[in-house]
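Input: a single structure, listed below in structure tokens.
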Amino acid sequence: RPKTDQGGRVTFSSTVPKNIPTGLQYLDHRLSGGRLLRSNIVVLTADLKMTPETAVPGQLVVVSSLNLSPADEGAPGPFGNHQIVGNGASKITLGGKKLGRPQVVYPVDLDPKGRLFLSFEVPVNDVTLAGGRLEMRVTDTGGRTGIGAFNLKTPVMTVSPVTSIRGSLVKVTGDGFVVASLNDTSRYQIDIEYDRRRVATTYADPHGAFEVSFRVPSDTRTKSPNVVTAKVRQLSSETDAVHTVPDAYIAIEPPSAPRGGKVTITGTGFPVFQKVWIRLGTVYGFNKWVLLSGVNTDVNGAFTAVISIPQETPLGEQRVLARTPGLSQSNTIDVTRR
């Protein structure tokens, strides 16, 4: 028993019991006569370092700690070292769930100084696919607990450009997607859908990112947003972005030309495989059909036509009208002298 000295002072040492919870605890001493002396002590947890600190489901993460239980007499390890044995209180949990095979094979040995070095693949399940901050806890056979956390990404995706015509090439860039294990690089395929139609298939790299391109379908609606979806096969993991096909439009090059000069008319967004007629003139007054046949829209509703400015065309701004069955669009050109 501890004894006081001649001045009434006492000093003694004690090992913190294994079953004491971490956090703030009280150290009580009751004197004769019922008087209570109380002091505070904080039971520490070991720090777990996670590398990388941000990961995706399926990615390899390295866990390390420098201050778990050092070796002592009676420890279950082969060299008197402590272990994490995977049953009872001594286990590893991620998000409150025990980690087992194939992520962790028990027992996990600590070194004689109580240091832990462990690598594991983040499991692929509903908890990890939801993303966010995830806590890991380890408790060794010496009774020490280590706590750490890392962030799980959620899938994100961008399309570039966000607006382009039918048949144009669109690049899709994704990040935060589930990855396969190092021994199975083809486990998770990612389907790219445009307005619920699959237009490309790809795989995420070891960090959960990908880049793939597709062409906008020829029958895509104009003027309304079309949803682009990246969806992992066989998993509830997907994300969306929006791409828009603009309304029908005609471009004129050059924007000004002399009488008798040639002009290139380019149209997009028109009905597919339709004949194109082109008229030059003003709303009232001069009007002349300068193209009556020979040009049709292609599979994407686009066309290119070369016209000559008639000599009798009035000078100044004139309207160029392109018409197909069911649709017409116009633009203006400045007619000049030679």
Flagged in the range 208-246 as closer than 19 Å to P155 by Cβ, touching a strand residue (DSSP E or B) at 6+ places or on another chain (Cβ under 8 Å), outside any strand (DSSP E or B) and open to solvent by 70 Å² or more (accessible area, probe 1.4 Å), in numbering order, are R233
The condition of being within 21 Å of the chain's Cα centre (by Cα), crowded, with 19+ Cβ neighbours inside 10 Å and assigned to a strand (DSSP E or B) holds, among M157, M136, only for M157
Among S32, S14, the single one that is at pLDDT below 90, of a type in the set (S, T, N, Q) and open to solvent by 100 Å² or more (accessible area, probe 1.4 Å) is S32
Filtering the range 280-316 for residues that are open to solvent by 20 Å² or more (accessible area, probe 1.4 Å) and under 20 Å from D247 (Cα atoms) leaves a count of 6
Taking the range 160-175 and the residues there that are hydrophobic (A, V, I, L, M, F, W, C) and exposed (fewer than 14 other Cβ atoms within 10 Å of the Cβ), the one that is farthest from A302 (Cα to Cα) would be V162
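Does S256 meet the test of being in contact with a strand residue (DSSP E or B) (Cβ under 9 Å, 6 or more places away or on another chain), open to solvent by less than 60 Å² (accessible area, probe 1.4 Å) and small (G, A, S)?
When the stated conditions are applied, S256 passes them.
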Within the range 317-338, of all residues that are farther than 23 Å from P246 by Cβ and open to solvent by less than 20 Å² (accessible area, probe 1.4 Å), the one nearest to the chain's Cα centre (by Cα) is Q318
Looking across the range 182-204 at residues that are loosely packed, with under 14 Cβ neighbours inside 10 Å and in a loop (DSSP other than H, G, I, E, B), the single one that is modelled with the highest pLDDT is R196
Residues in the range 259-268 that are loosely packed, with under 13 Cβ neighbours inside 10 Å and in a loop (DSSP other than H, G, I, E, B) total 1
Criterion first (crowded, with 18+ Cβ neighbours inside 10 Å, touching a helix residue (DSSP H, G or I) at 6+ places or on another chain (Cβ under 6 Å) and either under 28 Å from T45 (Cβ atoms) or in contact (Cβ under 8 Å) with a residue 60 or more places away in the chain (or both)) does V122 satisfy it?
yes
Here the residues within the range 319-329 that are over 15 Å from S256 (Cα atoms) and part of a strand (DSSP E or B) are L321, A322, R323, T324, L327, S328, Q329
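The values are calculated or read from the model by the stated rules, or taken from the named source; none is laboratory data. Keep in mind it's a predicted model, so treat the numbers as computed, not measured. FYI the Cβ positions are ideal-geometry reconstructions off the backbone, even for glycines, and counts take in every protein chain you see. Just so you know, the surface numbers come from the protein's heavy atoms only, side chains and all, with ligands and any DNA or RNA stripped out. Shrake-Rupley method; radii C 1.70, N 1.55, O 1.52, S 1.80 Å.
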